[in-house]
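Accompanying notes for the structure given below.
Computed from the coordinates by the stated procedures, all read-outs in this text should not be read as laboratory data. Nothing here was measured: the structure is a model prediction, and the numbers come from that model. Note that we place each Cβ from the backbone using ideal geometry, even for glycine, and neighbour counts take in every protein chain shown.
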Amino acid sequence: MTTTEYTVGKVAELAGVTVRTLHHYEQIGLLEPEQRSPSGYRQYSPADLDRLHHILYYRELGLALPDIATILDDPNTDSGSHLRRHRELLQQRHDRLGNMIAAIDKELEAYTMGTDLTPEEKLEIFGPDYDPSWEQEAQERWGDTDAWKVSAQRTPTFSKDQWKKIKADGDALMAKFGDAKRRGVAPDSDEAMALAEEHRHSIEVFYPCSHAQQRGLADMYLADERFSKTYDDVEPGLAQWVHDAVYANADRVGAPQNSAAAWQRDDS
């Protein structure tokens with residue numbers, strides 16, 4: 001055997017196919033070795049390997065063997081034509097796969113965004129005082145703001161356990177507020193301002209909250225009796241105390257005197 005002749009075993013090894021596959025290709029006239037050794041063994045030439053190369057490309061692209069034979073036996077085509085056809089078919093497959101990936105990404109996004117808590121889970125986590133109408137009211141008031149848009153993207157991805165932790169952390173912070181006020185801690189003290197900063201960080205779980213935006217939240221705690229009641233039920237006068245602590249902390253860092261609603265666009 002010369003260097004330009006290959007046994008069936010060597011071709012199978014080079015091409016990554018089985019000897020049985022090569023025998024089948026020969027039986028159906030798709031790939032017939034040009035030569036045989038004196039002992040009768042198949043000997044594949046470089047031209048045979050080139051044809052096998054195209055066969056395997058077309059098979060990978062899903063063409064049936066009879067169709068491949070018709071294409072390869074066309075006297076008007078050459079290796080360059082086959083390569084251009086391979087590229088065209090691969091590009092079509094690439095485009096289809098790209099569209100499939102985009103569709104799957106959308107489904108994954110929909111799946112992720114669909115992990116909202118059920119009404120029963122919300123009651124379980126937030127307690128019997130939870131009112132579903134609050135969500136609708138919040139969307140009507142702040143649905144066109146940047147903060148709402150960020151929150152609307154983040155919150156549906158939270159798991160039930162994450163919501164439970166958020167609720168537990170919020171209850172713990174509320175208890176700290178109440179304890180500090182009962183002990184006579186001044187709203188402008190370091191301890192109170194540290195709690196105000198902890199409160200701001202707790203808001204940032206949902207959306208970025210500047211000190212100026214936090215002032216807006218603090219104003220709302222006094223302006224809306226429902227918020228006031230939430231704090232004052234823990235400790236009488238707590239809504240005012242938290243408001244003053246937030247303002248003191250914002251003054252400490254030199255935040256603008258922006259008492260706009262918490263969900264308003266804030267570029268400070």
For this session: Kindly provide the GluC sites (Glu not before Pro) of region 198-254 that DSSP labels as loop, not H, G, I, E or B, and whose Cβ sees at most 15 other Cβ atoms within 10 Å.
Result: 204
Exercise. In what sequence do 164, 181 fall when counting other Cβ within 10 Å, fewest first?
Worked result: 164, 181
Problem set entry | Karplus-derived 3J(HN,Hα), 6.51/-1.76/1.60, for each residue of region 154-163, Hz, glycine and proline x | 7, 4, x, 8, 6, 7, 4, 5, 5, 4
Problem set entry | Integer Hz, Karplus 6.51/-1.76/1.60 couplings in order for region 164-170, x for Gly and Pro | 4, 5, 4, 5, 5, 5, x
Exercise. In whole Hz, what ³J(HN,Hα) sequence does region 46-56 give by Karplus (6.51, -1.76, 1.60; θ = phi - 60°), x for Gly and Pro?
Worked result: x, 5, 5, 5, 5, 5, 4, 4, 5, 4, 5
Problem set entry | Residue pairs, from the table 149/181; 165/229; 164/229, whose Cα atoms sit over 28 Å apart | 149/181
Exercise. Once the other residues with Cβ under 12 Å from the Cβ of residue 185 are scored (Lys, Arg +1; Asp, Glu -1), what is the net sum?
Worked result: -2
For this session: Hey, can you grab everything whose amide H is under 5 Å from the amide H of residue 35? Only 5+ residues off in sequence or another chain; H modelled, so Pro and N-termini drop out.
Result: 43, 45
Exercise. Which order results if 23, 243 are arranged by neighbouring Cβ count within 10 Å, fewest first?
Worked result: 23, 243
